[in-house]
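Trainee: This is the structure, below, for whatever I ask next.
Please treat every number below as a calculation from the coordinates, not as lab data. All values reported here derive from a predicted model rather than from experimental measurement. All Cβ positions, even for glycine, are placed from backbone atoms using ideal geometry, and neighbour counts span all protein chains on display.
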Amino acid sequence: MNSEIVTVGTELLLGRIDNTNARFIADQLAQLGIESHFQTVVGDNEDRIVAVLNQAATRSDLIIICGGLGPTVDDMTLASVSKYLGLNLQVDETQFSQIKAHFNRQHRSMTPENVKQAQFLAGAKILPNDVGLALGDFVKTVKGPDIAVLPGPPSEMETMFINHLVPLLEETYPVQQHLISRVLRFYGISESMLMHQLNDVVISNTNPSIASYAKNHEILIRLTAQGKDDDQINQLLDITQTQILAKVDGYFYGTGSKNSLAKEVVMQLKQKGLTVTAAESLTGGLFQSTICSIAGASKVFDGGFVTYANQAKKDLLHINAQIIDDNGVVSKQTAIAMASQARKIMNTDIGISFTGVAGPDQLEGHPAGTVWIGLSFGDQQVKTQLEQYLQTDSRQSIREKSVLTGLQMILQMVK
């Protein structure tokens, strides 16, 4: 069973927005055991959309096309599919009434073009839009490929796909082999080094398949296995995960496509009843903002310090001026003092500090990318770590990597 994903939008071709819809659809199809051999992006042009559909029909059993279902003149996907299939467009009066009611509730005038969002292909199975206005369609054809038409906004498309298209696909294309993926997450190692160390594991495993990719300074490994049922598949995944972690466990921190170091840290701190504070210089509050972005952060974090200037370090953290004068702000000694004082003042279990050079200029003779991180915990001696990130990294990249390294240090200390 081969499928093709077609995403419509001139803004996609111009690179103004990321094509997250294609990624989501491909992942969902894989879980259904439906392969997607081709992904096509086409602009808002009827002739080109029809041409793309004609091409897809020569090589695919299922076409999923999304985007271009709005009310404006450049939203022409449904009309293009109508032209390709030779099917008339009809208006779902119930949906049109709901669209009218939507505008009335918001005390807004509705344009005549909004009727387009209530249109559907004659004979199609209507896919309701639970969070938006435009309907979707699923057409089961006799000779050519089946076609699903979905809206472009990710929240609408994803909800429609999960709630309404998935049941249709499962009914239309019964899966003989189940497919499950598991994402393993790593930080602190390059993709090339990680996969080099796992070379023999990759070669010896075909089920599950092993694929790596870099994302937001992390390395993710996706394991994808197939089998007769979930128990058999999860057993295959467990075996391969154990083989992988036997070689690179030190860089592994968790599983899940939506997981993060910050989530793992907050979860571990909550489970152990620990609290954390931070004193940040070059990161400018990014660590604290990252922690606070996680639900439940208030259980482990009360507050902290952003001491960007040297005087702020002295005034807010009460650091002895002699420490900075003798060693410089970019130093192990200053990182220790910042972590210790932050923890003392906030009366927390853990204190972490960040001081260094985000760039692009040098500071105190240290090149951009030089970062000292201090970690104070319990009765242990304050742990420090020196990072030398690439001078070619952007300021933001250096700050982000510093925060991730700090999170990793905390996680390794409390696990």
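Trainee: Modelling each spin label as a point 7 Å along the Cα-to-Cβ direction, I'd like the T242/R16 distance in nm, to one decimal.
Mentor: Placing both labels 7 Å along Cα→Cβ, they lie 5.3 nm apart.
Trainee: Give the aspartates and glutamates reachable from K270 as a straight Cα distance under 14 Å; neighbours fewer than 8 places away on the same chain don't count.
Mentor: Cross-link targets: D302, D349.
Trainee: Considering all projection directions equally, how large on average is the shadow of the alpha-carbon convex hull of segment 207-325, in square nanometres? Don't skip to the end; give the middle numbers.
Mentor: On the way: hull surface 42.1 nm².
Hull-based average projected area comes out at 10.5 nm².
Trainee: Let me ask something else. Which whole-Hz ³J(HN,Hα) couplings does segment 168-175 yield from phi under the Karplus relation 6.51 cos²θ - 1.76 cosθ + 1.60, θ = phi - 60°, glycine and proline marked x?
Mentor: 5, 5, 5, 6, 7, 10, x, 8
Trainee: In addition: Tell me, what is the Rg over Rh of the chain, with Rh the Kirkwood radius over Cα pairs?
Mentor: 1.08
Trainee: For Q311 and K228, what is the calculated FRET efficiency with R₀ set at 51 Å and r taken between the beta-carbons, to the nearest 0.05? Let's see the in-between values first.
Mentor: Details: r = 67 Å, r/R0 = 1.32.
The calculated FRET efficiency here is 0.15.
Trainee: Same structure again: Quote the relative contact order of the chain in percent (integer), defining contacts as alpha-carbon pairs under 8 Å separated by 6+ residues. Don't skip to the answer; put the middle values down first.
Mentor: Working: 771 pairs, mean separation 39.9, N = 415.
The normalised contact order for the chain reaches 10 percent.
Trainee: Given C-alpha coordinates of segment 344-415, what is the ratio Rg to Rh with the Kirkwood estimate of Rh?
Mentor: Numbers: Rg = 13.2 Å, Rh = 12.9 Å.
The Rg/Rh ratio comes out at 1.03.
Trainee: Here's something else I'd like to know. How do K313, K270 line up, fewest other C-beta atoms within 10 Å first?
Mentor: Numbers: K313 25, K270 15.
With the fewest neighbours first, K313, K270 line up as K270, K313.
Trainee: Nearest 20 debye, what's the magnitude of the dipole of the chain about its Cα centre given +1 on Lys and Arg Cβ and -1 on Asp and Glu Cβ?
Mentor: Values: 33 positive and 42 negative charges, 161 e Å.
Using Cβ point charges on Lys, Arg, Asp and Glu, the chain gives about 780 debye.
Trainee: Further question: Assign unit charges at the C-beta atoms only (+1 for Lys and Arg, -1 for Asp and Glu), then state the dipole size of segment 1-123 relative to its Cα centre in Debye, rounded to the nearest 20.
Mentor: 280 debye
Trainee: If I build a Gaussian network model for the chain, linking alpha-carbon pairs within less than 10 angstrom, which residue out of P208, P151, P112 has the largest mean-square fluctuation?
Mentor: Taking springs between Cα atoms under 10 Å, the residue moving most is P112.
Trainee: Per residue of segment 28-40, in order, report the coupling 6.51 cos²θ - 1.76 cosθ + 1.60 (Karplus, θ = phi - 60°) as ³J(HN,Hα) in whole Hz, putting x for Gly and Pro.
Mentor: Residue by residue, segment 28-40 yields 5, 5, 4, 5, 8, x, 9, 7, 10, 7, 9, 10, 10 Hz.
Trainee: Short version: ³J(HN,Hα) in whole Hz for each residue of segment 363-379, in order, from phi by Karplus 6.51 cos²θ - 1.76 cosθ + 1.60 (θ = phi - 60°), x for Gly and Pro, what are they?
Mentor: 9, 6, x, 8, x, 4, x, 7, 9, 9, 10, x, 9, 9, 8, x, 8
Trainee: To the nearest 10 degrees, how steep is helix 46-57 against the longest Cα principal axis of the chain, on a 0 to 90 scale?
Mentor: 90 degrees
Trainee: Continuing with the same structure: Could you give the length gained by full extension between D325 and S397, i.e. 0.36 nm per residue of separation minus their alpha carbon distance, to one decimal place? Don't skip to the answer; put the middle values down first.
Mentor: Values: separation 72, 0.36 × 72 = 25.92 nm, distance 2.84 nm.
Taking D325 through S397 to full extension adds about 23.1 nm, to one decimal.
Trainee: So if each residue of separation counts as 0.36 nm, and I subtract the Cα-Cα distance between E35 and N199, what length gain in nm does that give?
Mentor: Numbers: separation 164, 0.36 × 164 = 59.04 nm, distance 2.56 nm.
Computed gain between E35 and N199 is 56.5 nm.
Trainee: Something else now. Among G378, G359, I398, which residue has its Cα positioned farthest towards the positive end of the charge dipole of segment 321-402, with +1 placed on the Cβ of Lys and Arg, -1 on the Cβ of Asp and Glu, and the dipole taken about the Cα centre?
Mentor: So the residue furthest toward the plus end is G378.
Trainee: Add +1 for every Lys or Arg and -1 for every Asp or Glu among the other residues with Cβ under 12 Å from the Cβ of V276, and state the total. Mind dumping the intermediate values first?
Mentor: Details: positive: K270, K272, K299, R343; negative: D302, D349.
Here the count lands on +2.
Trainee: How big is the C-alpha Rg of segment 2-172 next to the rule-of-thumb value 2.2 N^0.38 Å, as a ratio? Intermediate results must be reported in sequence, preceding the final value.
Mentor: Values: Rg = 15.2 Å, N = 171, 2.2 N^0.38 = 15.5 Å.
This ratio for segment 2-172 stands at 0.98.
Trainee: Which three extents, in angstrom, do the Cα atoms of segment 178-255 have along their principal axes, listed largest first?
Mentor: If we take the Cα atoms of segment 178-255, the spans are 36, 24, 17 Å.
Trainee: When only alpha-carbon atoms are used, what values of Rg and Dmax, in angstrom, describe segment 121-164?
Mentor: Both quantities, over Cα of segment 121-164: 10.7, 33 Å.
Trainee: Ok, one more. I need the P(r) histogram for segment 261-414: all alpha carbon pairs, bin width 10 Å from 0 out to the longest distance, whole percents.
Mentor: Distribution as computed: 13, 45, 34, 8, 0 percent.
Trainee: Sticking with this structure for a sec: Neighbour counts of other C-beta atoms within 10 Å: give me M346, M338 arranged from fewest to most. Walk me through the numbers before you get to the answer.
Mentor: Details: M346 19, M338 32.
Ordered from fewest to most neighbouring Cβ atoms within 10 Å, M346, M338 come out as M346, M338.
Trainee: Under a point spin-label approximation (7 Å from Cα along Cα-to-Cβ), what is the Q380-D249 distance to one decimal in nm?
Mentor: Here the modelled spin labels are 1.7 nm apart.
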